[in-house]
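Notes follow once the structure below has been shown.
The values are calculated or read from the model by the stated rules, or taken from the named source; none is laboratory data. These numbers were taken from a predicted model, which means no experiment stands behind them. Backbone-built Cβ (ideal geometry, glycine too); neighbour counts: all protein chains shown. Accessible surface is based on the protein model in full, side chains and every heavy atom, while ligands, DNA and RNA are left aside. Shrake-Rupley method; radii C 1.70, N 1.55, O 1.52, S 1.80 Å.
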Amino acid sequence: MNKEKYLTIRLSELLYLLFWGIMLFAKGIGMYDGQPLYKVFLVLAFLCIGVKMCITEYSYREWAVILFLLTWSAVVYRVSGEKGVLICMVTAAAMKNVSVKRCFQTGAVVWAAAMSLRFLTSLVFIGNVETAVQTKNIFGAVLRYFMGYPHPNVLHISYLALAAFAIYCVKDTYCWKHLVLLMWGNIFLFFYSYSFTGALIVMVYICLSYYVKKKRISKIEYFLVKLVFPGCILVSVIIPMALHGKAFELADKIFNNRIKLARHFLTLDNMSLLGNNLAAITTEVITMDNAYLFALVTYGIPVFLLICVGYMAVVSVYVKQKKNIELAMICCFLAAGFTEPFLFNTSFKNLTLLFVGEQVFASLNKQGAGQREFALLKNWDKTVRISMEKPQEISENLHCVWLARRKVILGVGTAAALIISICTGIFYQAEPELMVIQKENLLVYEWVRSVITVFSLSFIGFIILGMAAYFIILKKGKTDAEKLRQRR
């Protein structure tokens, strides 16, 4: 941003950010592949990325790589019927001249808005939200809320993406306050999703990000980071095929029957160059909840090998550059891919694809330095100037209000939220539907969920009201001062 308070951005980058924002909004509000409205968002996003790639200048080497990747992924899509391979390839292959930082900043705003809208809408109409009663090993019977998403696990993976956006945007100032806030959100959502793996990976991620921000990382730790991706491949693909007998049974027990399920799909018939039709090899019971297994079987060996090369290269480069916050994100997302398929399907939550795309073009640019570049549409990639004067003014005023009045706002907000949540706990009455299905400690968990929800939303609401009130007072004071100055 320059002194004239204008945001200067190339049209090609702006179009990528539009693609990024449209896709994130669609997934953030809980849409999924197959819905007519999702297809509309998908077409709009791909139109943006198509124009972006036409007006961006590429070298012959870059054009060759891009056309190869997109052609191959299009063929794999035709065979497998899965759009995920196209979406992932386009996300990475269109990253030239695009700022990763701007992608995360845009994503943080869009994803937070979309997820909040989806969650609050579901909360208002909580009686119509899809639920499922399941028995967990530790908790017993629990009531899991979908909150407008395809599955409660998706709800918690969505929060993992939100945490990643937040941590990356504040990475230079990430501190214990951010950690506590994100941890509270993790606990809050857990009482809706009851996703143990989701809550665990979020907890590990926000704590690991804090650790790498505050501590000096040793060579041994960097070496362990390099082993994360190979370890995921080992457990997901190699162990199910290599182990037999008691060793296989032990591994299957440790990994909650996932080894046996993986072996079901890891057959010679399913090993192909162009993938397999997912609908033909899965059922409602026999599914693939492992991202690496999903990529290998559904997209074929070549795409799987490209994924392996891409991530191992990114991790190697980032270790050399000591990009610790990025490495923490990559490690946790890769680990989450062992129990969730979100990395390479249509979920659009694998934010680490931005790092892969950035490194692809960094490598190509290094190899082809000095090569002539050309665009399909010449001289279309203009510089766009967006006025940021008003947003900057609002941001500065809010910052001033927060610095001057944060103790009062936080104190009043916390006290009011506590009073309201205590009253909620005292006068709480379970819905008749819950009384019918009450089982074990289910009603106790519902009471906890209600109290935590009321406290969290009341606290946020009072903070917003306090900020708004002081903002109006500050604005009025500045206006009165300006009028007085003019009279003089």
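In terms of accessible area, using a 1.4 Å probe and ignoring ligands and nucleic acids, ARG10, ARG263, ARG385 rank largest first as ARG385, ARG10, ARG263. Separation of the range 411-436 and the range 225-281, taken as the distance between their Cα centroids, equals 46 angstrom. For the range 259-400, rounded, prolate or oblate, judged on the Cα gyration tensor with a ≥ b ≥ c (square roots of eigenvalues), a/c < 1.5 rounded, else prolate if a/b > b/c? It is prolate, given that a/c is not under 1.5 and a/b is the larger ratio.
Toward the positive end of the charge dipole of the chain, with +1 on the Cβ of Lys and Arg and -1 on the Cβ of Asp and Glu, the farthest Cα among MET241, THR383, LEU44 is that of THR383.
Where a ≥ b ≥ c are the square roots of the eigenvalues of the C-alpha gyration tensor, would you call the range 53-171 rounded, which needs a/c under 1.5, or, failing that, prolate if a/b is larger than b/c, or oblate? Please report the intermediate quantities before stating the final value.
Details: a/c = 2.88, a/b = 1.83, b/c = 1.57.
Judged from the Cα gyration tensor, the range 53-171 comes out prolate (a/c at least 1.5, a/b above b/c).
Sorted largest first by accessible area at a 1.4 angstrom probe radius, with every protein chain in place, the residues LYS390, LYS253 fall in the order LYS253, LYS390. Please give the net charge around LEU261, taking every other residue with its beta carbon less than 11 angstrom from that of LEU261, where Lys and Arg add +1 and Asp and Glu add -1. Charge balance near LEU261 sits at +1. Given axes a ≥ b ≥ c from the Cα gyration tensor, I'd like to know whether the range 342-452 is rounded (a/c under 1.5), prolate (a/b larger than b/c) or oblate. Oblate.
Over the chain, dividing the summed -39,500 (n - 2.57) contributions of all DSSP H runs of at least 4 residues by the number of residues returns a 222 nm mean residue ellipticity of -23500 deg cm²/dmol.
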